[in-house]
Amino acid sequence: MDPSLAGAATNRRRFLGLVGLGATAMAGGGLLAGCSRQAGTEGAATNVDAISAVLPKYQPVDLVTPDITGVRPIADGYLNYPSELVKAVTDTPGGSGETITAMTPWWGPTPPGIDRNTYLQAVNAELGVPVDFSVQDGNTYADKLSAALGARDVPDLLCAPNWEIDKIPRFSDAVSALFEDLTDYLAGDAALAYPHLASFPTGAWQYAVWGGRLAAVPWPTDGPFPYALFYRKDLTDAAGVQAPKNIEELYEFGKAMTDPGNGVWAFGSVFHMVQMFYGVPGSQGGWRQTDGGGLEFKYETEEYRAALEFTTKLFAEGLVHPDVVESKGSDTKQLFNSGRLICYEDGVGAWRGMYSEQRQITPTFDMQPVPIFSATGDGDPIAWGEEKPVFYTFIKKGLGAERTEELLRVLNWCAAPFGSQEYHLRQYGVAGEHHTIGDDGSPVMTELGRQEIADQYTFIVGRYPAIVQTADVPGFVEDLLAYSNETVKYLESNPWAGIKLEFPANYSRVLQPTEDKILDVLRGRRPTSDLDQIISEWRSAGGDEGRDFFAKALEDNGR
């Protein structure tokens, strides 16, 4: 994922809200007796321990022993690709011949469609039924998703990012109106008919429940961190500049690496990571408990004010690339890859793909994460993160039991774990076409593979987490596990862990406009002294309503 600007976690993932769902949808939000409040304008908070009866029975599938153990919730690492792959699904999943429609995001060039994509054709042949993907730009996926929900026009399989649906008012109503109830298909022992889905962690399934019923298939996270601060180590090494270890060094890093005369600037978006360096809270978007027992949001903290002032200074002194300053839609990945941008924040999941692609163009390309640090040197930094699923896949309502079971068999095939033939085909396509085999026995993507594969089948189901070494990214598994196992020490404790929250409508609506105002401050269009006014407007428009909601969720769950 590519948050190219400060505040991009919401800026580029904008929802217009659910409209046009109709009376049936509005009546569809259920009440989970004893453990939730009614969804809708007031929001809902559900203790996930209260929904164990609707969850799949967990049954692990272990094909390969890991080489590096991740500190949970970090996934395990594998340094060698298996020479022998197991056929994990013996029966062909599909049989109807009826095309399955699916919508997924992708943060890169749009791949060819089903008629011109040999990768899709190869996987569909194994599935026994064609899956036709509508691959949408991940940077504007919120708009596409909102339009589909509002028009009540959803595909058979719909991938929805967790950070998007959290902001949709009355999303539970959309779930009830548009998507299949999967409880009877997957609860308890029923899930064993789909063993690779049953291998997903129970904690991931807990978040896939709406209105007390199982409504989606989760994509379990392989790491809890939403961002890392990446830098071009090959370029900084050449310049004799070290990675920063404190906030003053980050500023000096920016000054040393910015060279407008040669079209190079130090920074793209860094605001989220700067907040972590300063210890700004991130739970549920920025809440924490105060010493007095109340709640405060990040905007209201001294740490946030310090992070805002520091980042505004980077903008004001010309250390941020002008494309980022001027546009919400600047392509920071391209700027970073071309060396015109030295340092920016991105999702940790972006690391591997960029590293692999750019090494084909620039063999010395080396992107690394800056180790997390405390801005003040007093105490520890905070690493934001959570174990919620990254994405959810919903099945269209009303397709009938036979079709729903076929779709679940397809998802089960797609969820086959590392070490299986199915995983290999899903990830790398056909040998000799989409990948070759490197000297170490691991697959190396070809240009055709890069053009045609956009994780289509992964986005509709996810997979059991595994971090696998391949020849195109030498040292990646060791580097990622070293960074992740160190950073997890600073993972913020979440007071709402184990409580599934659906935000109040007013609170959801005020988030984006407020982030836009903050972005204006960062860019110098408003003075930092306006923060107090912005906070006041946020509180009156829904922020205080959110405070009451989060406090009630803790109270109701005895915390």
Identity of the residue in segment 260-277, assigned to a helix (DSSP H, G or I) and among the hydrophobic types (A, V, I, L, M, F, W, C), that ends up nearest to the chain's Cα centre (by Cα)
M273
Per-region count, segment 382-417, residues over 24 Å from Y141 (Cα atoms), assigned to a loop (DSSP other than H, G, I, E, B) and in contact with an Asp or Glu (Cβ under 6 Å, 6 or more places away or on another chain):
2
Note down all Cβ pairs under 8 Å where the first residue falls in segment 257-276 and is buried (at least 19 other Cβ atoms within 10 Å of the Cβ), the second is of a type in the set (S, T, N, Q) and assigned to a helix (DSSP H, G or I), and they're at least six residues apart or on different chains.
M257/T236; G268/T332; S269/T332; V270/T311; F271/T311; V274/T311
Can you tell me how many residues in segment 51-110 are within 20 Å of the chain's Cα centre (by Cα), modelled with pLDDT under 95 and of a type in the set (V, I, T)?
2
Just the residues that are in a helix (DSSP H, G or I) and closer than 19 Å to D516 by Cβ, please, taken from segment 278-308.
K298, Y299, E300, Y304, R305, A307, L308
Filtering segment 101-119 down to residues that are of a type in the set (S, T, Y) and buried (at least 21 other Cβ atoms within 10 Å of the Cβ), which residue is nearest to V348 (Cα to Cα)?
T104
Spans of helices (runs of 4 or more DSSP H) in segment 423-500 with at least 1 residues of a type in the set (S, T, N, Q) and over 22 Å from Q358 (Cα atoms)
456-459, 476-487
Of A122, A142, A160, which residue is in the same structural domain as T92 (by TED's automatic domain parsing), surrounded by fewer than 21 Cβ atoms within 10 Å (Cβ to Cβ) and among the aliphatic types (A, V, I, L, M)?
A122
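For every residue, the table says whether it meets (1) polar (S, T, N, Q); (2) more than 23 Å from W413 (Cβ to Cβ); (3) at pLDDT below 95.
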| residue | (1), (2), (3) |
| --- | --- |
| I165 | no, yes, yes |
| R170 | no, yes, yes |
| D181 | no, no, no |
| L186 | no, no, no |
| A193 | no, no, no |
| H196 | no, no, no |
| F200 | no, no, yes |
| W210 | no, yes, yes |
Qualifying position, being in contact with a Leu (Cβ under 6 Å, 6 or more places away or on another chain), assigned by TED's automatic domain parsing to the domain that holds W413, closer than 26 Å to A497 by Cα and buried (at least 23 other Cβ atoms within 10 Å of the Cβ), among L214, L197
L214
Test: D132 is surrounded by fewer than 23 Cβ atoms within 10 Å (Cβ to Cβ) and free of Cβ contacts under 8 Å to residues at least 24 places away in the same chain
no
What are the pairs, 6+ residues apart or on separate chains, where a residue within segment 210-224 that is under 13 Å from L55 (Cβ atoms) has its Cβ under 8 Å from a residue that is of a type in the set (D, E, K, R) and part of a loop (DSSP other than H, G, I, E, B)?
R213/D181; L214/D181; A215/E180; A215/D181
Pick out the one residue from G318, G293, G285 that is on the phi > 0 side of the Ramachandran plot and modelled with pLDDT of 95 or more.
G318
Can you tell which of A177, A160, A147, A190 is farther than 25 Å from P56 by Cβ and not hydroxyl-bearing (S, T, Y)?
A147
Identify, please: which residue in segment 437-496 is among the hydrophobic types (A, V, I, L, M, F, W, C) and within 26 Å of T101 (Cβ to Cβ) and is, among those, surrounded by the most Cβ atoms within 10 Å (Cβ to Cβ)?
I460
Taking L250, is it crowded, with 23+ Cβ neighbours inside 10 Å and either of a type in the set (V, I, T) or under 30 Å from I165 (Cβ atoms) (or both)?
no
Counting only residues that are touching a strand residue (DSSP E or B) at 6+ places or on another chain (Cβ under 8 Å) and of a type in the set (A, V, I, L, M), which one in segment 281-323 is surrounded by the most Cβ atoms within 10 Å (Cβ to Cβ)?
V320
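Residues are listed down the side, and each one gets a yes or a no for (1) more than 17 Å from the chain's Cα centre (by Cα); (2) farther than 20 Å from E478 by Cα; (3) at pLDDT below 95:
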| position | (1), (2), (3) |
| --- | --- |
| A350 | no, no, yes |
| R359 | yes, no, yes |
| V370 | yes, no, no |
| G377 | yes, yes, yes |
| E386 | no, yes, yes |
| P389 | no, yes, yes |
| F394 | no, yes, no |
| L407 | yes, yes, no |
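The rows are residues; the columns are (1) out of contact with any helix residue (DSSP H, G or I) (no Cβ under 6 Å at 6 or more places or on another chain); (2) free of Cβ contacts under 8 Å to residues at least 40 places away in the same chain; (3) closer than 23 Å to A204 by Cα; (4) of a type outside the set (K, R).
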| position | (1), (2), (3), (4) |
| --- | --- |
| D76 | yes, no, yes, yes |
| V86 | yes, no, no, yes |
| G97 | yes, yes, no, yes |
| T104 | no, no, yes, yes |
| D115 | yes, yes, no, yes |
| G138 | yes, no, yes, yes |
| D153 | yes, yes, no, yes |
| E164 | no, no, yes, yes |
| V175 | yes, no, yes, yes |
In segment 507-559, what count of residues is obtained for those that are surrounded by fewer than 19 Cβ atoms within 10 Å (Cβ to Cβ) and over 30 Å from E317 (Cβ atoms)?
15
Pairs needed: first member in segment 344-356, over 25 Å from H435 (Cα atoms) and buried (at least 18 other Cβ atoms within 10 Å of the Cβ); second member anywhere, among the polar types (S, T, N, Q) and modelled with pLDDT of 90 or more; C-beta distance under 8 Å; at least 6 residues apart or different chains.
Y344/S269; Y344/T332; E345/S269; D346/T332
Surrounded by 21 or more Cβ atoms within 10 Å (Cβ to Cβ) and polar (S, T, N, Q) - does that describe any residue in segment 66-87?
no
Specify which of the listed residues (V54, V61) is touching a Pro at 6+ places or on another chain (Cβ under 6 Å), touching a residue at least 24 places away in the same chain (Cβ under 8 Å), not assigned by TED's automatic domain parsing to the domain that holds W351 and not hydroxyl-bearing (S, T, Y).
V61
Quick check on segment 371-380. Is at least one of its residues within 23 Å of S176 (Cβ to Cβ) and not polar (S, T, N, Q)?
no
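The values are calculated or read from the model by the stated rules, or taken from the named source; none is laboratory data. All values reported here derive from a predicted model rather than from experimental measurement. Reconstructed Cβ throughout: ideal geometry from the backbone, glycine too, with neighbour counts over all protein chains shown.
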